[in-house]
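Everything below concerns the one structure shown next.
A short reminder: the numbers here are calculations on the coordinates, not readings from a lab. Predicted model, so just to flag it, every value in this text is computed and none were measured. Counting neighbours? That spans all protein chains shown, and the Cβs are built from the backbone with ideal geometry, glycine included.
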Amino acid sequence: MAKINLLPWREEQRAEQAKQFGLTALFTAIVGAAAVYAGIQFADGKVDHQRNRNAYLQTEIDNLKKDLKEIEELETTKANLLARMDIIQELQARRPQVVHTFQELAERVPDGVFMMSMKQERDVLAFEGKADSNARVSTLMRNLGASDWFKQPGLELINSQNSENGISSFKLRLSQSVAKSEDAE
């Protein structure tokens, strides 16, 4: 048999396999690094996209908050205007009440009773006056109580100043009311 030395061939094959393994490992490392780089870029792109969406949403939320604040200011303005309108309507409705008050007083005050002063606080009228006798004050209170424009007449004070003349000073309080004839108008 002939002597064949296979050793150099095996060494060449091993060297070739080592070279191919090195190239394969290098190629795999390059492909792996490229895949990792692409994954990182993809994730960064997604994060940037989400940040942009969040910034857009925050801008829209800020715009809506500003709009809500304007709406609240408009609601406040509306409430103020409605309150003013109510006051104006109430004043308009009460305009004829002064005329009716004085008309009723002129009709209801009996002879011998003199009104010296009148004060009004909201719907309460306070009178000070003088009368020829206590009976005249009683008649005044009955007349005012029978009126549609007045209610709850109450005598606070009656004082006989001059017993020779029989003149009495009095203080009277009563509440104003809206007569039924005014509601119909």
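Helix 7-108 and the longest principal axis of the Cα set of the chain meet at an angle near 10°.
Farthest towards the positive end of the charge dipole of the chain, among the residues ILE40, ALA83, MET141, is the Cα of ILE40, using unit charges on the Cβ of Lys, Arg, Asp and Glu.
For the pair GLN152 and GLN20, label points projected 7 Å from Cα toward Cβ lie 11.5 nm apart. Taking the longest Cα principal axis of the chain as reference, the axis of helix 134-145 is set at about 40 degrees.
For a paramagnetic label modelled on THR76 (point 7 Å from Cα along Cα→Cβ), amide N atoms under 18 Å away belong, within the stretch 37-69, to 65-69. Put simply, the C-alpha atoms of the chain give a gyration tensor, and the ellipsoid matching it has half-axes of 114, 16, 11 Å, longest first. Working note: 222 nm ellipticity from helices only, DSSP H runs with n ≥ 4, each -39,500 (n - 2.57), summed and divided by the residues of the chain, gives -24000 deg cm²/dmol to the nearest 500. Taking Lys and Arg as +1 and Asp and Glu as -1, the other residues whose beta-carbon sits under 14 Å from that of MET141 total +4. Computed log10 I(q)/I(0) for the stretch 1-95 at 0.12 Å⁻¹: -0.77, from the Debye equation with unit scatterers placed on every C-alpha and solvent omitted.
Local charge for LYS119 was computed over the other residues whose Cβ lies under 13 Å away, with Lys and Arg +1 and Asp and Glu -1, and equals -1. Once a ≥ b ≥ c are taken as the square roots of the eigenvalues of the Cα gyration tensor of the stretch 88-177, is the result rounded (a/c under 1.5), prolate (a/b larger than b/c) or oblate (a/b not larger than b/c)? Verdict is prolate for the stretch 88-177. The three principal axes of the C-alpha atoms in the stretch 52-128 carry coordinate ranges of 91, 20, 10 Å, sorted with the longest axis first.
Put a dot 7 Å past the Cα of LEU68, heading toward its Cβ, do the same for GLN50, and the two dots end up 2.5 nm apart. Nearest 0.05, what FRET efficiency do ARG10 and ILE30 give at R0 = 22 Å with Cβ-Cβ as r? Result of the calculation: an efficiency of 0.15.
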